[in-house]
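**Q** Just dropping this structure here.
The values are calculated or read from the model by the stated rules, or taken from the named source; none is laboratory data. All of these numbers come straight from a predicted model, not from anything done at the bench. When we count neighbours, we look across all protein chains shown, and the Cβ atoms used for this are built from the backbone with ideal geometry, even at glycine. Please note that ligands, DNA and RNA were not included when accessible areas were found on the heavy atoms of the full protein model with its side chains. Shrake-Rupley method; radii C 1.70, N 1.55, O 1.52, S 1.80 Å.
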Amino acid sequence: MTGSALLRKGRSTAGAGGIDSLRGHFNSFVLLLLVLFVVLAISITTKSGADDNKPQATPTAPPPPPADAGTGDDYNGGGGGEQGGECDMSSGRWVYDDAAYPLYKESACKFMSDQSSCQKFGRTDLRYQHWRWQPHGCDLPRFDAAKLLARLRHKRLAFVGDSLNRNQWVSMVCLIDTATPSLHKYMSGNGSLVSFKIQEYNASVEFYWSPLLVESNSDHPVHHRIADRVVRAGSIAKHARRWTNADVLVFNSYLWWRRPAMKVLNGTFEAAAEGAHRAAYEVMDSLRAFELSIRTWSEWLEHHVDRARTRLFFMSMSPTHLHSDEWEAGGGGGNHRCYNETEPIAGEGHHGVDTDPAFARAVEAEVRRLGARGVAVRVLNVTQLSEHRKDAHPSVHRRHWDAPAAAQAQAEARARALAGARDPSRDADCIHWCLPGVPDVWNQMLYAHIVSSL
């Protein structure tokens with residue numbers, strides 16, 4: 001009895017001990033879960049706080065605007081401006097600044113052209129060199145040759161077009177040459193292509209003569225003054241192969257189209273010379289011929305340009321000052337063109353009669369079309385700022401190229417200038433520009449876009 005009772009008691013005691021042991025393990029497990037939960041909560045809170053204090057990642061930059069947005073001269077330059085800091089460099093005024101301008105001296109440029117050397121050919125009034133273009137709302141960046149050459153290392157910058165584009169090319173050459181006296185530079189020519197080489201940078205700044213962009217009977221780099229002008233509006237490959245690998249292309253074409261009508265050749269010049277296509281010529285309005293040609297230009301760019309590498313620019317019309325009655329009230333003294341003009345046209349908004357906006361609209365239409373196809377072309381609007389500079393042309397102070405009477409014509413022009421003649425309309429060049437001068441401003445604008453995009 002007693003043993004049986006003790007046995008039952010022992011069994012009871014053993015069962016209670018097992019239950020207590022199980023309960024202890026369970027409590028330990030619950031405690032462990034609580035500890036893990038607290039640690040996890042602290043860890044999450046700490047990570048969240050660290051993320052709040054961490055600098056926020058910069059969002060991915062939005063894609064560049066479509067190319068058709070590049071038809072103006074907005075530039076994120078110094079001084080700010082409206083529309084998120086963008087500044088229209090083409091809108092502004094001329095400010096006389098004889099402390100900071102000119103950017104170089106005519107005589108200091110070893111590669112200066114006689115067509116632009118107004119001081120060399122007798123001009124003594126040099127105020128035209130000291131005018132600075134001041135955009136509204138920002139400052140035009142000062143030309144920095146070292147910075148430009150750093151961008152152009154192992155690259156080609158090519159100007160393609162007529163003598164106004166050559167005028168701008170000479171300006172660019174002089175801006176670089178005069179600012180880098182210790183560098184090794186030289187000029188080389190091959191037909192219509194002339195190259196300015198900077199050896200230390202393996203860079204070239206080139207000009208290619210193609211006044212109508214497409215093929216024409218005025219393509220010879222020297223003998224191109226042909227009264228009966230003919231173009232092949234659908235042919236540009238002959239020219240394009242010479243500048244197809246350029247990294248920066250700067251085009252222009254306008255003045256050579258300024259005539260009522262133009263002959264457009266459907267065949268080749270070789271076949272026409274042989275008389276094989278007597279009816280191959282079509283006479284049409286010059287604007288229409290220009291539209292056909294600028295379409296050929298844009299289609300070539302669309303199918304051949306390296307969109308990731310090549311920067312494309314088109315210079316707007318360079319104005320002329322061939323009619324002095326545009327700025328002289330009454331105009332009773334006869335038309336002396338730009339001869340003896342020493343001051344810019346005052347005020348803003350002057351438009352000359354030789355500036356036809358229909359040609360500008362044709363270019364802008366093609367630029368928009370290219371933009372829709374992913375080819376970015378920026379139109380640099382230099383027309384309005386140049387309209388005011390009647391004082392900045394060579395006038396009679398230039399080299400005369402028309403042999404054999406060049407020396408006699410030049411002597412007569414100088415004699416008339418010394419005598420105070422008021423009608424040198426036969427000799428005054430009111431189309432091209434003296435250097436240093438207006439094209440330097442065009443290149444400051446071009447420079448701003450190149451250094452910000454290459």
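**Q** Considering only residues that are modelled with pLDDT under 90 and in contact with a Lys or Arg (Cβ under 8 Å, 6 or more places away or on another chain), look in the stretch 307-339 and name the one that is surrounded by the most Cβ atoms within 10 Å (Cβ to Cβ).
**A** Residue satisfying both the conditions and the ranking: HIS336.
**Q** Here's another thing I want to ask about it. For HIS303, are the conditions met, namely being without any contact (Cβ under 8 Å) to a residue 60 or more places away in the chain and touching a His at 6+ places or on another chain (Cβ under 6 Å)? Step through it out loud before you land on a result.
**A** On the way: without any contact (Cβ under 8 Å) to a residue 60 or more places away in the chain: yes; touching a His at 6+ places or on another chain (Cβ under 6 Å): no.
Criteria not met by HIS303.
**Q** For the stretch 162-171, does any single residue satisfy the condition of being of a type in the set (D, E, K, R), touching a residue at least 60 places away in the same chain (Cβ under 8 Å) and either more than 22 Å from LYS110 (Cβ to Cβ) or outside any strand (DSSP E or B) (or both)?
**A** Initial filter on the stretch 162-171 (of a type in the set (D, E, K, R)): 162, 166.
From the residues that got through so far, the ones that are touching a residue at least 60 places away in the same chain (Cβ under 8 Å) too are 162.
Restricting the remaining residues to those that are either more than 22 Å from LYS110 (Cβ to Cβ) or outside any strand (DSSP E or B) (or both) gives 162.
Taking every residue of the stretch 162-171 in turn, at least one turns out to be of a type in the set (D, E, K, R), touching a residue at least 60 places away in the same chain (Cβ under 8 Å) and either more than 22 Å from LYS110 (Cβ to Cβ) or outside any strand (DSSP E or B) (or both).
**Q** Let me ask something else about it. State whether the residues of the stretch 172-188 include one that is over 19 Å from MET445 (Cβ atoms), open to solvent by less than 10 Å² (accessible area, probe 1.4 Å), out of contact with any Pro (no Cβ under 7 Å at 6 or more places or on another chain) and not hydrophobic (A, V, I, L, M, F, W, C).
**A** Yes.
**Q** Quick check on my filter: what residues within the stretch 269-306 are open to solvent by 40 Å² or more (accessible area, probe 1.4 Å), at pLDDT below 70, out of contact with any Gly (no Cβ under 8 Å at 6 or more places or on another chain) and of a type outside the set (A, V, I, L, M)?
**A** Correct list: GLU274, ARG278.
**Q** Give the residue that is surrounded by the fewest Cβ atoms within 10 Å (Cβ to Cβ), with candidates limited to residues of the stretch 340-350 that are closer than 25 Å to ASP429 by Cβ and touching a Ser or Thr at 6+ places or on another chain (Cβ under 9 Å).
**A** ASN340
**Q** Restricting the search to the stretch 96-125, which residues are aliphatic (A, V, I, L, M) and surrounded by fewer than 16 Cβ atoms within 10 Å (Cβ to Cβ)? Talk me through it step by step, then tell me what you get.
**A** Keep residues of the stretch 96-125 that are aliphatic (A, V, I, L, M), which gives 99-100, 103, 108, 112.
The answer is ALA99, ALA100, ALA108.
**Q** Search the stretch 256-267 for residues that are touching a residue at least 12 places away in the same chain (Cβ under 8 Å) and pair each with any residue that is hydrophobic (A, V, I, L, M, F, W, C) and assigned to a loop (DSSP other than H, G, I, E, B) when their beta-carbon atoms are under 6 Å apart and the residues are at least 6 apart or on different chains.
**A** Close Cβ pairs satisfying both conditions: TRP256/LEU212; VAL264/ALA233; LEU265/ALA280; ASN266/ALA280; GLY267/ALA280.
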